[in-house]
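Student: The following block contains the structure, expressed as structure tokens.
The values are calculated or read from the model by the stated rules, or taken from the named source; none is laboratory data. Nothing here was measured: the structure is a model prediction, and the numbers come from that model. Glycine also receives a Cβ, built like all others from the backbone with ideal geometry; neighbour counts cover every protein chain displayed.
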Amino acid sequence: MELWGFLMRSRSVRLIVSVLSVVALAGAGLAAASAASADPPPPDWQPDVSVTTTDGVTATFETATSTYSPFDGTEFIDPVPAYRPNIENASSETRWFGFGSDLYTQGTVEPLWSATGWRAAGDQITDVFWVEIPAGHAYSDASNNTWYRGMPAWSGHTITIYELDGPGTTTGTPQATEPQATALLSVTTPGRYVPGHLDQLDTGNLSAAMGTRLSVTSGGSTPEVFPGLTASVTATGLPPGDPLELWMVRDTNYAYFQILGGGLPVGAVKVGSATVGADGVLHAYFTVPPDTAYDPGGSPYQMVAGNRAERYWPAGTWDDFTVKDPPNQTPLSANGTATASIDLGATTLSVAYADVAATGTTTVTVSSTGPTAGGFSFASDPAVYYHLSSTVAAGTAATVCIDYDPADLPGTPPHLFHFDSVAGAWTDITTSATTGQVCGTTNSFSPFTLGRPDPVTLPFSGFLSPISMDAMNLATAGQAIPVVFSVGGDQGLGVVTATQFRKTGTVSNPTGELVDTVTAGKSGLKYDAQSGRYTYVWKTDKAWAKQSGQFVLTLSDGTTHTFEITFRK
């Protein structure tokens, strides 16, 4: 086949083809990759389980752990388990055998010798997962012994050997009469189960055949990944509370990496960690190591999220990304004692060090890729990140200023936010914010951006006794009424911005008349530190006798709170 020969010639394509999808090609492709490796030591195979039938058939699984893949010679950071099947036919007739695995649902083993077991990938299946063994022969010496080198130890999956009463498929389409199958022997690989999605196979993106999509968030259409970058990734539909690690893995794809056992290859780099939220959403930050080399050839990476010790990787990127040279990287200063500025399009960024003895080189990279906002909204759309790095001694205080064109960012001046990669959170470092310029102080670098703080909503308690929140309040017109409430502590006397009485509406004035209230004498608004409560003494008007309405309290966060009241004479 021409396609078969193409895969024999193309290592990059071989790595993309997962052994549980384009199986017709994997048998040849993986063999070629293994032959091209540096002849790693063979696994030390040991007996695991076996069964002998009454009619002369013996099925066996051996197991081994190795720091090398039995398929393509990849060297792993940690030893990875593998399983090797063998079947001996001591009977006097030819027999057929097939392999199955639980591709989609844990414990439900699919017939891999049949196109029906592969669903959307069924048209690409040949005879890799079934074998004909003549009398007196074994799988280990049969002409088709693809898996005798070892089977993928896909974490948490079951592999079963079946005896068939006839040949399996050779054409990639279901047979008119499928062979009957009898299970002989099963093994379940260690680790936690991650389902495949071959029922939705996209041969143009085989990573989508596995687990959950891990997405690098970006303000642009394509993330810009470069050495030193700090940015965000997200994934949904994961087990709540799972602590997961983030690793960058080179020259592979998520499905291939996962199915072959989830062993991290030498050169994989841990770039972050986070815990899945109660809603099943992973929101994590990662940092590309500053010394990551840029490969002009564009050798791709993918990122996986999981647990190294368990080889459990429930999420991974479905698209390759390449670590490139930083875009727009510009040196700011050859000497940290002086303020240096550089024109960055519509903005100018400057850095000045407080320590006059500080020396070193400071650079800035402008990008649309970075950590998602937290506690603020970006001042621009798309977001603009200023990734600063410096050889000046760590911990040296610096003032960062960004001058901008007010026509580009109209309205209230934005604040300067800095992402603390150690704490994994944004900090408002603003020391001054005037129209056209924002400054802040910091003693560490990495991403900076301009943003506007989210409104802070005060934790209003509701009105407290003697006011009722559940029933109409009755009062005598002209009396003083203590209005008591809490907002979570002392917020100053400016916490109340307005107090008003809205009379019940009439036909001519449906919304009702709204009048400002007054206080009784000099009582005004007071805060009691012991109880943590505010009290506003409202002096009502005698003219409100036999009227109803609402008391309206407006707080400094812009929220309003009301209670109903009726006045008697």
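Student: Here are some conditions: (1) part of a helix (DSSP H, G or I); (2) among the hydrophobic types (A, V, I, L, M, F, W, C); (3) at pLDDT 95 or above. Ala59 meets all but one. Which one does it not meet?
Tutor: (1)
Listed here are the residues, each with its yes/no results for (1) surrounded by fewer than 19 Cβ atoms within 10 Å (Cβ to Cβ); (2) not β-branched (Val, Ile, Thr).
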position	(1), (2)
Glu93	yes, yes
Phe97	no, yes
Gln106	yes, yes
Ser114	no, yes
Val128	no, no
Ala135	yes, yes
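Student: Would you please list the contacts, defined by Cβ atoms under 7 Å and residues six or more apart or on different chains, that run from a residue in region 419-436 that is under 18 Å from Thr399 (Cβ atoms) to a residue that is loosely packed, with under 13 Cβ neighbours inside 10 Å?
Tutor: From residues that are under 18 Å from Thr399 (Cβ atoms), the pairs are Gly436/Pro406.
Student: Sticking with this structure for a sec: So how many residues does region 414-436 have that are part of a loop (DSSP other than H, G, I, E, B), touching a Gly at 6+ places or on another chain (Cβ under 8 Å) and closer than 20 Å to Asp381 by Cβ?
Tutor: Within region 414-436, the first condition is being part of a loop (DSSP other than H, G, I, E, B), and the residues that meet it are 414, 421-424, 429, 435-436.
Then keep just the ones that are touching a Gly at 6+ places or on another chain (Cβ under 8 Å); that gives 414, 429.
Cutting the leftovers down to closer than 20 Å to Asp381 by Cβ gives us 414.
Residues meeting the conditions: 1.
Student: Within 30 Å of Asp490 (Cα to Cα) and of a type in the set (A, V, I, L, M, F, W, C): is that true of Phe448 in this structure?
Tutor: On the way: within 30 Å of Asp490 (Cα to Cα): no; of a type in the set (A, V, I, L, M, F, W, C): yes.
Against the criterion (within 30 Å of Asp490 (Cα to Cα) and of a type in the set (A, V, I, L, M, F, W, C)), Phe448 does not qualify.
Student: Restricting attention to region 235-249, report how many residues are surrounded by fewer than 17 Cβ atoms within 10 Å (Cβ to Cβ) and either in contact (Cβ under 8 Å) with a residue 60 or more places away in the chain or more than 11 Å from the chain's Cα centre (by Cα) (or both).
Tutor: Total satisfying the criteria: 4.
Student: Assess whether Thr230 counts as being surrounded by fewer than 21 Cβ atoms within 10 Å (Cβ to Cβ) and more than 24 Å from Val80 (Cα to Cα).
Tutor: Against the criterion (surrounded by fewer than 21 Cβ atoms within 10 Å (Cβ to Cβ) and more than 24 Å from Val80 (Cα to Cα)), Thr230 does not qualify.
Student: Determine which single condition Ile125 fails, assuming it passes every other condition in (1) hydrophobic (A, V, I, L, M, F, W, C); (2) closer than 10 Å to Thr169 by Cβ; (3) touching an Asp or Glu at 6+ places or on another chain (Cβ under 9 Å).
Tutor: (3)
Student: What pairs come up if the first residue lies in region 102-123 and is among the polar types (S, T, N, Q), the second is modelled with pLDDT under 90 and surrounded by fewer than 22 Cβ atoms within 10 Å (Cβ to Cβ), and their beta carbons are under 6 Å apart, counting only those six or more places apart or on different chains?
Tutor: The qualifying pairs are Ser114/Glu178; Thr116/Pro174.
Student: In region 366-387, which residues are in contact with a Leu (Cβ under 8 Å, 6 or more places away or on another chain) and either part of a strand (DSSP E or B) or among the acidic types (Asp, Glu) (or both)?
Tutor: As a first pass, look at region 366-387 and keep what is in contact with a Leu (Cβ under 8 Å, 6 or more places away or on another chain): 366-367, 369-370, 378-380, 384, 386-387.
Within region 366-387, Val366, Ser367, Phe378, Tyr386, His387 qualify.
Student: In region 71-91, what residues are among the charged types (D, E, K, R) and either surrounded by fewer than 20 Cβ atoms within 10 Å (Cβ to Cβ) or within 28 Å of the chain's Cα centre (by Cα) (or both)?
Tutor: Step one: list which residues in region 71-91 are among the charged types (D, E, K, R), which gives 72, 75, 78, 84, 88.
Within region 71-91, Glu75, Asp78, Glu88 qualify.
Student: Right, here's the next one. Give me the pairs: first residue in region 183-204 and among the basic types (Lys, Arg), second residue in a strand (DSSP E or B), beta-carbon distance under 7 Å, and six or more apart or on different chains, which are they?
Tutor: So the pair list comes out as Arg192/Tyr312.
Student: Checking the conditions here, which among Glu163, Glu245 is outside any loop (DSSP other than H, G, I, E, B), charged (D, E, K, R) and outside the structural domain of Met303 (by TED's automatic domain parsing)?
Tutor: Glu163
Student: Check region 461-480 and report whether any residue there is surrounded by 15 or more Cβ atoms within 10 Å (Cβ to Cβ), under 30 Å from Thr230 (Cα atoms) and not aliphatic (A, V, I, L, M).
Tutor: Start the filter on region 461-480 by keeping residues that are surrounded by 15 or more Cβ atoms within 10 Å (Cβ to Cβ), which leaves 461, 463-464, 467, 473, 475, 477.
So of that shortlist, the ones also under 30 Å from Thr230 (Cα atoms) come out as none.
Looking for residues that are surrounded by 15 or more Cβ atoms within 10 Å (Cβ to Cβ), under 30 Å from Thr230 (Cα atoms) and not aliphatic (A, V, I, L, M), one finds none in region 461-480, hence no.
Student: So, one more: Quick one: would you say Ser143 is polar (S, T, N, Q) and modelled with pLDDT of 85 or more?
Tutor: Details: polar (S, T, N, Q): yes; modelled with pLDDT of 85 or more: no.
Considered against the rule, which asks whether it is polar (S, T, N, Q) and modelled with pLDDT of 85 or more, Ser143 comes out as no.
Student: Still on this model: Go through region 482-498 and give me each residue that's at negative phi and free of Cβ contacts under 8 Å to residues at least 60 places away in the same chain. Walk me through it before giving the result.
Tutor: To start, the set of residues in region 482-498 that are at negative phi comprises 482-487, 490-491, 493-498.
Passing the criteria: Pro482, Val484, Ser486, Asp490, Leu493, Thr497, Ala498.
Student: Are any residues in region 510-569 aliphatic (A, V, I, L, M), more than 20 Å from Met472 (Cβ to Cβ) and surrounded by 15 or more Cβ atoms within 10 Å (Cβ to Cβ), and if so, which ones?
Tutor: Result: Ala520, Leu525, Val537, Leu555.
Student: Is it fair to say Glu178 is assigned by TED's automatic domain parsing to the domain that holds Trp118, of a type in the set (Asp, Glu) and crowded, with 16+ Cβ neighbours inside 10 Å?
Tutor: Numbers: assigned by TED's automatic domain parsing to the domain that holds Trp118: yes; of a type in the set (Asp, Glu): yes; crowded, with 16+ Cβ neighbours inside 10 Å: yes.
For Glu178, the condition - assigned by TED's automatic domain parsing to the domain that holds Trp118, of a type in the set (Asp, Glu) and crowded, with 16+ Cβ neighbours inside 10 Å - is met.
Student: Can you name the number of the only condition in (1) within 26 Å of Asp202 (Cβ to Cβ); (2) out of contact with any Ser or Thr (no Cβ under 8 Å at 6 or more places or on another chain); (3) part of a strand (DSSP E or B) that Val131 fails?
Tutor: It is condition (1) that Val131 fails.
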